[in-house]
Amino acid sequence: MEQISTSRSNGVLTVTLENGTAHPLSLGMIRALHKAVADAQTDDDTSVIVIHGPGKIFCAGHDLKEIAAHRADPDHGRAYVTELFEACAEMMQAVANSAKPTIARTEGIATAAGLQLIAACDLAYAAPQARFCLPGIRRGGFCTTPSVAVARAVGRKALMKLALTGEDQTADWALAQGLVTEIVAEDALAARVDEVAQTLAGRFSAISQAGLAATKAQVALPLDQAYALATEAMIGHFMDPALPDPPLASRKSAAE
């Protein structure tokens, strides 16, 4: 079964999750998704990455059937589970640290590591019926690794509502908490995401790429270090000969 499929148009790489209707994150899908994102970093024909889980389920999280199958291993699946979660952490970091903007598109529910994937993206667009949850606690577990990405997208109370209740949250709730960028009617969602992605692709330059990298890096720093890093990057932007000078009229207005 195909793990993902890809297509490219006008600088936008669309990565579509496959692996059945629930698009579970098998080890194979994690590796395929990581490779697609990694390859895009050095692909001059790609400026923006869109990740789409089509249908009623964006992504159901890790492939629990695949995990269960490894319980019969001599180590009861420990080696497999270790490889799985380490590979997933690396893939999620590749998405979060992408030098090219990443956009999630969902019409359906995103659960556990599926929600983690949405939270790792720079932008996320959802249909009104989309739902979001961290359901681990409902089966006696906990969505610990998905909470890493979600914690960086929402406040503490919103994270704990997801992680401690395990309940589905609406698209409106996700928008209010910062998990989602915009809610768009399902029949207009694909066109809206394409519009945003094409606009970004048309504007994204080498200077933009450096700026995005600096912005992602400074978020984790203390305020003084964040300003030092961002200031150095901004100086580089304005000294780059590829950045056009502002129009003379604008400079006159600023002087006045």
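The values are calculated or read from the model by the stated rules, or taken from the named source; none is laboratory data. Not measured: the values here are computed from a predicted model. For neighbour counting, all protein chains shown are included, and Cβ atoms are generated from backbone atoms with ideal geometry for every residue, glycine included. Just the protein is used for accessible areas: all its heavy atoms, side chains included, with ligands, DNA and RNA removed. Shrake-Rupley method; radii C 1.70, N 1.55, O 1.52, S 1.80 Å.
Taking the condition of being over 16 Å from residue 144 (Cβ atoms), open to solvent by 10 Å² or more (accessible area, probe 1.4 Å) and not basic (Lys, Arg), how many residues in the stretch 58-86 meet it?
Qualifying residue count, the stretch 58-86: 14.
The set of residues in the stretch 36-74 that are in a helix (DSSP H, G or I) and under 15 Å from the mean Cα position of the chain (by Cα) comprises 36, 37, 38, 40, 41.
Whenever a residue of the stretch 1-16 is in contact (Cβ under 8 Å) with a residue 24 or more places away in the chain and over 20 Å from residue 63 (Cβ atoms), its partners that are part of a loop (DSSP other than H, G, I, E, B) and open to solvent by 40 Å² or more (accessible area, probe 1.4 Å), lying with C-beta atoms within less than 7 angstrom and at least six residues away or across chains, give the pairs 8/45; 11/45.
Which residue, of 112, 126, 96, is closer than 14 Å to residue 57 by Cβ, small (Gly, Ala, Ser), open to solvent by 10 Å² or more (accessible area, probe 1.4 Å) and modelled with pLDDT of 95 or more?
Exactly one residue qualifies, and that residue is 112.
For (1) closer than 30 Å to residue 85 by Cβ; (2) open to solvent by 10 Å² or more (accessible area, probe 1.4 Å); (3) modelled with pLDDT of 95 or more; (4) aromatic (Phe, Trp, Tyr), each residue gets a yes or a no:
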| residue | (1), (2), (3), (4) |
| --- | --- |
| 156 | yes, yes, yes, no |
| 159 | yes, yes, yes, no |
| 164 | yes, yes, yes, no |
| 170 | yes, yes, yes, no |
| 184 | no, yes, yes, no |
| 206 | no, yes, no, no |
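Candidates 84, 33: the one that is in contact with an Asp or Glu (Cβ under 9 Å, 6 or more places away or on another chain) and assigned to a helix (DSSP H, G or I) is 84. For the stretch 14-57, a residue qualifies if it is surrounded by fewer than 23 Cβ atoms within 10 Å (Cβ to Cβ) and on the phi > 0 side of the Ramachandran plot, and the qualifying residues are 19, 20, 55. What residue, among those in the stretch 104-141 that are part of a helix (DSSP H, G or I) and more than 16 Å from the chain's Cα centre (by Cα), is farthest from residue 176 (Cα to Cα)? If we take residues in the stretch 104-141 being part of a helix (DSSP H, G or I) and more than 16 Å from the chain's Cα centre (by Cα), then 139 is farthest from residue 176 (Cα to Cα).
Kindly establish whether residue 145 is closer than 23 Å to residue 54 by Cβ, touching a residue at least 40 places away in the same chain (Cβ under 8 Å) and surrounded by fewer than 20 Cβ atoms within 10 Å (Cβ to Cβ).
When the stated conditions are applied, residue 145 does not pass them.
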